[in-house]
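What follows is a short report on a single structure.
The values are calculated or read from the model by the stated rules, or taken from the named source; none is laboratory data. This one's a predicted model, so the numbers in the text were calculated from it and none came from an experiment. Backbone-built Cβ (ideal geometry, glycine too); neighbour counts: all protein chains shown.
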Amino acid sequence: MTTSLTLTSGRRPDGRAQLAVTGEIDMSNIDTFARALDDVVGHLVVDLTEVGYLDSAGLSVLFARADRLELVISPLLEPVLTISGLTDLTTVHTTSPPEAPTGR
Amino acid sequence: MAGPEDAGRERPVATGHRVFSADPEVGGDLAAVDWAATPLGPPEEWPQSLRTAVSILLSSRFPMWMAWGPDLTFFCNAAYRRDTLGQKYPRALGRPAREVWAEIWDDIGPRIDTVLATGEATWDEALRLFLQRSGYPEESYHTFSYSPLWDDAGAVVGMLCVVSEDTERVIGERRMATLRDLGSDPSVIRTEQEVMAFAARQLGRNPYDLPFTLTYLFGDDGSARLAGSSGVRLPHPVAPAVIAADATDPVWPVRALARGEAVPVSLEEAGVPDPPAGGWPEPPARALAVPLLRQGDTPHGFLVVGLNRYRLLDDGYRGFVELTAGHLAAGLASARSYRAQQRRAEELAELDRAKTTFFSNISHEFRTPLTLIMGPVEELRSRLAESDPRVREELEAIHRNGLRLGKLVNTLLDFSRIEAGRMRARYEPTDLAAFTAELAGVFRSAIDRAGLALRVDCDPVDEPVFIDRGMWEKVMLNLLGNALKFTFEGTIGVTVRREGGRAVVVVADTGIGVPREEVPRLFERFHRIENARSRSNEGSGIGLALVQELVGLHGGTITAESTEGEGTRFTIALPFGHAHLPADSVAPESADGKVSIAADPYVQEALRWLPADTSTGTATPVGPGQGAGVRAAGSAPDPRASCPTARARVLVADDNADMREYLTRILTGAGYEVATVTDGRQALDAIRRESRETRDREPFDLVVSDVMMPVLDGLRLVAEVRADPRTASVPVLLLSARAGQEASIEGLEAGADDYLVKPFAAAELLARARATIEMARLRSRQAHWRAALVDSLQEAFFVCDEQGAVVEINTAFTEILGYGPENLPYAPTHPWWPDAETDPEGHRRVGEAFEQLMGNPRGSYTIPLRHRDGHRLWVTATFARARDPETGNGVTVGTFRDVTAEHHAIQRETALAALSTGLAGAAGLHEALPAALGELRTLWSARRVLAAVFDDGDAPSLTDTDGEQWRELSVDQRRTLIDLRDQPPLTPVTHGTGIGILLEHPEGPLALWIELGERRPFTAEDQVLLSLLAGRLAQGLSRIHQIDQQRRTAIALQRAILGPSHLPDGFAVRYEPAGRPLEVGGDWYDTIALPDGRIGIVVGDCVGRGLEAATVMGQLRSACRALLLQDAGPAQTLMALDRFAAGIPGATCTTVFCGVLTPETGRLVYSSAGHPPGILARADGTTGLLDEGRSAPLAVRPGAERPEAECLVPARATLLLYTDGLVERRRRPLTTGIDQAGEAVQEGRDVAVDDLATRLMERLAPTGGYDDDVALLLYRHPAPLEMTFPAESSQLAPVRKALRSWLDQCELPPGTTQSVLVAAGEACANAIEHGHRDAPGKIVRLRAEAFVDDLRLTIADTGHWKTPQPELNTHRGRGVTLMRALMQQVTITPGPSGTTVDMHLRIA
């Protein structure tokens, strides 16, 4: 069984390429995740606001492509990105939390 | 599916159809079944109803099996496989149920048919089934319910069985009952045979665990003799009556058993045909022979038990047999010790009989010589009637005393005759009034002479009374003699009347009477009333006892009434006729109705008591040759008027022979008895000698002495005589040639009574002599009385002067202490004080007492003294200060009463009582011994008491009042204790400054040593006492040991009865029986995993104690369990239980808390039947009570609706349910106990629940242990999360899901939840990587537990931890960094079999 993950490619209102991710990212699905990132050439905004879980396996995928990624996350993921040092390598936008995400 | 949200239980299945996925293991095996070959077809085609049923079955942790379809195809779950199926698994899966359970189909088939036919569920409790699951038919018990299963169309197509196995409980109860029965009557000590018979009866009542038993006892020659059996009809080859010690190839291995080894025996190999089968269809195949162990000796014998072939000989079974043997051994030991005591008692009784026989024989032996004395004396009396009066007097004395001795001997003989039933009576019809009056008349002269009146008032009674005249004489003469003895003025009355159809004889006097408390003891043999004023101190104390016996022989009664100072009245009532008398003793009236010669001694004796009767005194005049220079003078035959009323004795002291002769002639001529001496010294010697020999009267009535004499002159003689208290009152008349006032004043000042100047006329001398004697008699009358009284005291009497010297003593003093008046005065320190050297303590006590005596006006104390012969005795001294009326000096008079026997008896009783109390207060052997040693130390004021138990250890285990260990003792001390081992038991051994004794301790011989510390006598009495105490101690220790053992067994068995064997996570339970007396009871707890994942919680308390309550408890528990499983709510369950309890004796008034918990949410629905409220300790430190949903205890109001309440157990809160034993204490409100329990739970919020349970039981226990049994149940919400999953990355998401859901139950903030998820996720990912690398498919375990302010996670795998190597695998290294950053503490422990990661997070 693989962890559920939905990947939706698209464009942001400003025209930049965007990958919206919903679900959880762990060891079991990083390959899918990595392929989706690699499908887009060049700069990419990755919207992780609907990701409830991200561990070091997911981080490693992001680290490998840090120079061309821009991340949008919910406050839930902030500690992990900060601790790992990813926030120093790439631009990370944190959505202001009007209410805490449920994580589900 | 059973529960996609129930992530904690989700177990992915490697292969197979999804219908089996709820359980990977059994599911896997079910998937492997060739279903196409069964009537059910392949699982894909199964109807939804079947799939659902199988899912429920597999996801339940409660043992279940089901049957479906025409063949009743068999399914079961993991719990059933584990508990019941045994070797039948997995073969049973998919087979027809009839095949699977072929061996019990006769039992269960009809039940299944009923379910299928009626659609109604069945219920069976503890049904015995013989299962063939372990390679042999196995006795097992099951409580189960068959309920119907419906297909999609609503038709019954199968059945579901929910079952719990009760085998351990049922067998445990059965064994416990046997052990309790065996110990049911421990207070009655029996003979060995009775012990065996009782045990056989009890063992025979359990023919299941004990199909047959044989008890053999070893004889002295080592052979074994059959002493008891159960379950076997004798004779039987299995039970030879005797097995010789050297028997070749014996049925039972006697030699190994004699060595104390337990031996299992195959009955087939032993060649025993047809062993008895007991309660089973097939006989035992094996037997177990266990020794009946005896402390420090070869076994008493052994017990053979035929073993239940339907059970394995496991530890429980073996332990049961050994405990049974232990019971038998203890019973035997106690019977044997009783027998030994019995034998000692019989020896004592035999001694007593021998003593009686001896006395009776010796009385007989006396009679012959007495007769030979009395005959010639009678002869001489008549022949010498006219001869020398002195000879006659001596003869009279011999005669009187002969009569008295004869009377005493006859009385003793009468007693032994009466006791032996050999009293020959001859009852003849008698005119009682006349005969009694005649007997009274015999005493008239004596009574007259005593100055008393005799009033005889004997009206003729119109009917003769049958009496033995000889006996009646003795009755009357004894009573009259008694009256005379104790009456000093007034009357003695004798009356005979007819009253109420009986002849009543009353003998009444106006004497001194007896104190009220003495009246009941008047007729006791040898009982004498102390210090009574009487005419004589003679008497043996058996007269009244004999009177009572004699009256009894006449069928009559005698009673006494007495008022002190007023008199005593004896009333005899005799029946008329002779119907009450033995026919062969009744005779016609004899011609001779006169009083027999037997009256003579009584009257003679009585006459002697009378004070005027001095002429018949036993003292004889000073005869020739008696004393140097003393010469007797003859007495005149015709007494003249000038002699005082009674013949007086005069000592004449003069150096002039002519004067002596002259004086002698004048005095003897006047009727005096005269003795002469030639100087003052001789006079003094004669006076002193006489004073010793004539204790009860003056040595001489008068001393006539010349003033001028050689050696010692008259004046100094007077001074010496006056100085000695024994002679001070002897009157002295001085004669002197010196005339004039001065000389006479000098004489009188010296203390002379009168003074006569020579020459003097004979008449003047006689007048002066007579006047002086009469004056002296008058003056010394009080002194005489006093002397007589003092000497008649049974107690030792003494007088001390102001310096403490003892100046006067009486006869009893000499008897008690051995010191006579000849060495008076005794100056302090008195020779009877205990020796300061050898008995400093005794010496000190007497010294203190002496100070008290000298310093206080009056007092009393008990002290040890030393008899002249060295033996020690205890006396109670009473003293009072007085003033000597003559000298005016202060004196102290006192008495000693010998209380040695009482003292030792009291000391013994006190000591034994103290020891018993000490032992009774001890909770076990470890407490008993120190307590006993403390008592012993106090008792002997010992410096130290040691006890070494020579158990099997390297060194003896030492108990010491000083608290030292064995290795700390000196070599000498160890040697002393070790040497004691070789002594015979219970025999005191003195050594140096201590005393030791060996006794039996349950763990081996015990050497007891009492260190007295200083030199002091350890008397024979002390030794007896020590033996007694040591014996009592040994008995007490053995009893405590037995109780200890019973306690351990009882707890083990009760715990086996109590369930549940598998406790859901998050729960902890405890049960503790009442401490003292040890009793299991009716308290219980239970948790029931309901099929839908909820958990039933029950805590209950049946009224009463003991096995009966435990049985009621078992039934209620099973019923409650079944009701909850049928999906009843708590209130509904309790209402159904009301009806159930009403039908069980003893179940009424049981209190129950019943709740159903939803573990995911913490929702608890509950109802309480009169049970104390549950306590909820919340994480925020507040405490609440579950005090709603309350109603009456069970079966009190059957049919009444019960309320139900609901509460939410918040995250990390702890719930405590309990029975009242935990909180109820005497004289304390229940709420106090509940508050205390609440506080204790609050304080334990951060402790794991199981540890908290232990802590609560300890903390709330009263000193001395719980006095009621206690059940306790704890739940902390949420329960710890435990998961195991294969090391595959696909597992990460479901694991995370389960963990997230659990964390939500813990009500943590989202950020914290996320941190924990990531940290745990990293640890799991790491574990999976190792699993993949080393061996795919390995298992990973995750455990999470929440405490009030702490969260703890453990992830363990079976691989090797990967050291972070960021350059090779960047994200793994990051994982560890993340874990450490997110959690407070991370510990990674690599091990050979796997790696464990522990993580903590503070969450408060």
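Descriptive notes on the structure:
- Pairs where the first residue, in region B:1119-1140, is free of Cβ contacts under 8 Å to residues at least 60 places away in the same chain and the second is among the hydrophobic types (A, V, I, L, M, F, W, C) and in a loop (DSSP other than H, G, I, E, B), C-beta under 7 Å, 6+ apart: B:LEU1124/B:LEU1090; B:ALA1136/B:ALA1128; B:LEU1137/B:LEU1194
- Neighbours by Cβ (under 7 Å, 6+ apart or cross-chain): first from region B:797-822, over 20 Å from B:ARG689 (Cα atoms) and in contact (Cβ under 8 Å) with a residue 24 or more places away in the chain; second charged (D, E, K, R) and surrounded by 17 or more Cβ atoms within 10 Å (Cβ to Cβ): B:PHE798/B:GLU808; B:VAL799/B:GLU808; B:ILE816/B:ASP898
- Residue ID - surrounded by the fewest Cβ atoms within 10 Å (Cβ to Cβ), chosen from residues in region A:36-68 that are away from chain B (no Cβ under 12 Å) and under 10 Å from the mean Cα position of the chain (by Cα): A:GLU50
- Checklist (1) more than 12 Å from every other protein chain (Cβ to nearest Cβ); (2) in contact with a Lys or Arg (Cβ under 8 Å, 6 or more places away or on another chain) applied to A:LEU71, failing item: (2)
- Filtered residue count, region B:34-75, keeping only those that are closer than 19 Å to B:ALA1089 by Cβ and touching a residue at least 24 places away in the same chain (Cβ under 8 Å): 15
- Across region B:1279-1327, the number of residues qualifying as free of Cβ contacts under 8 Å to residues at least 12 places away in the same chain and either acidic (Asp, Glu) or more than 10 Å from chain A (Cβ to nearest Cβ) (or both) comes to 1.
- Within region B:469-512, considering residues that are part of a helix (DSSP H, G or I) and small (Gly, Ala, Ser), the one nearest to B:ALA560 (Cα to Cα): B:ALA483
- Every residue from region B:135-146 that is free of Cβ contacts under 8 Å to residues at least 60 places away in the same chain and among the polar types (S, T, N, Q): B:SER140
- For region B:1091-1101, the criterion of a residue being in contact with a helix residue (DSSP H, G or I) (Cβ under 7 Å, 6 or more places away or on another chain), under 21 Å from B:GLY1199 (Cβ atoms), in a strand (DSSP E or B) and at pLDDT 85 or above is satisfied by at least one position.
- Of everything in region B:172-195 that is out of contact with any helix residue (DSSP H, G or I) (no Cβ under 8 Å at 6 or more places or on another chain) and at pLDDT 80 or above, the residue that is surrounded by the most Cβ atoms within 10 Å (Cβ to Cβ) is B:ARG174.
- Among the residues listed as B:PRO264, B:PRO276, the single one being surrounded by fewer than 18 Cβ atoms within 10 Å (Cβ to Cβ), touching a residue at least 40 places away in the same chain (Cβ under 8 Å) and of a type outside the set (Gly, Ala, Ser): B:PRO264
- Positions within region B:82-137 being part of a loop (DSSP other than H, G, I, E, B) and of a type in the set (Gly, Ala, Ser), in sequence order: B:ALA92, B:GLY94, B:GLY119, B:ALA121, B:SER134, B:GLY135
- Candidates B:ALA97, B:ALA67: the one that is at pLDDT 90 or above and in contact with a Leu (Cβ under 6 Å, 6 or more places away or on another chain) is B:ALA97.
- Filter pass, A:THR32 being under 14 Å from the mean Cα position of the chain (by Cα), farther than 20 Å from B:VAL1295 by Cα, more than 9 Å from chain B (Cβ to nearest Cβ) and surrounded by fewer than 16 Cβ atoms within 10 Å (Cβ to Cβ): yes
- Residue among B:VAL945, B:VAL899, B:VAL949 that is of a type in the set (A, V, I, L, M, F, W, C), within 28 Å of the chain's Cα centre (by Cα) and modelled with pLDDT under 80: B:VAL899
- Any hit, region A:84-103, residues being in contact with a strand residue (DSSP E or B) (Cβ under 6 Å, 6 or more places away or on another chain), surrounded by 15 or more Cβ atoms within 10 Å (Cβ to Cβ), within 12 Å of another protein chain (Cβ to nearest Cβ) and touching a residue at least 40 places away in the same chain (Cβ under 8 Å): yes
- Residues of region B:1000-1025 that are outside any loop (DSSP other than H, G, I, E, B) and at pLDDT 80 or above: B:GLU1000, B:HIS1001, B:GLY1004, B:PRO1005, B:LEU1006, B:ALA1007, B:LEU1008, B:TRP1009, B:ILE1010, B:GLU1011.
- Enumeration of residues in region B:823-842 that are in contact (Cβ under 8 Å) with a residue 24 or more places away in the chain, over 17 Å from B:PHE879 (Cα atoms), in contact with a helix residue (DSSP H, G or I) (Cβ under 8 Å, 6 or more places away or on another chain) and surrounded by fewer than 19 Cβ atoms within 10 Å (Cβ to Cβ): B:ASP835
- Exclusive hit being at pLDDT 50 or above, in a strand (DSSP E or B) and either touching a Ser or Thr at 6+ places or on another chain (Cβ under 7 Å) or within 19 Å of B:VAL732 (Cα to Cα) (or both), set B:LEU667, B:LEU651: B:LEU651
- Residues in region B:194-239 that are assigned to a loop (DSSP other than H, G, I, E, B) and touching a Pro at 6+ places or on another chain (Cβ under 8 Å): B:PRO211, B:PHE212, B:GLY231, B:VAL232, B:ARG233, B:HIS236, B:PRO237, B:VAL238.
- Residue match in region B:454-465 (condition: surrounded by 18 or more Cβ atoms within 10 Å (Cβ to Cβ), touching a residue at least 60 places away in the same chain (Cβ under 8 Å) and assigned to a helix (DSSP H, G or I)): no
- Residue within region B:154-169 that is free of Cβ contacts under 8 Å to residues at least 40 places away in the same chain, among the basic types (Lys, Arg) and under 27 Å from B:TRP101 (Cβ atoms) present: no
- Condition met for B:ARG1276 (more than 11 Å from every other protein chain (Cβ to nearest Cβ), surrounded by 21 or more Cβ atoms within 10 Å (Cβ to Cβ) and under 22 Å from B:GLY1162 (Cα atoms)): yes
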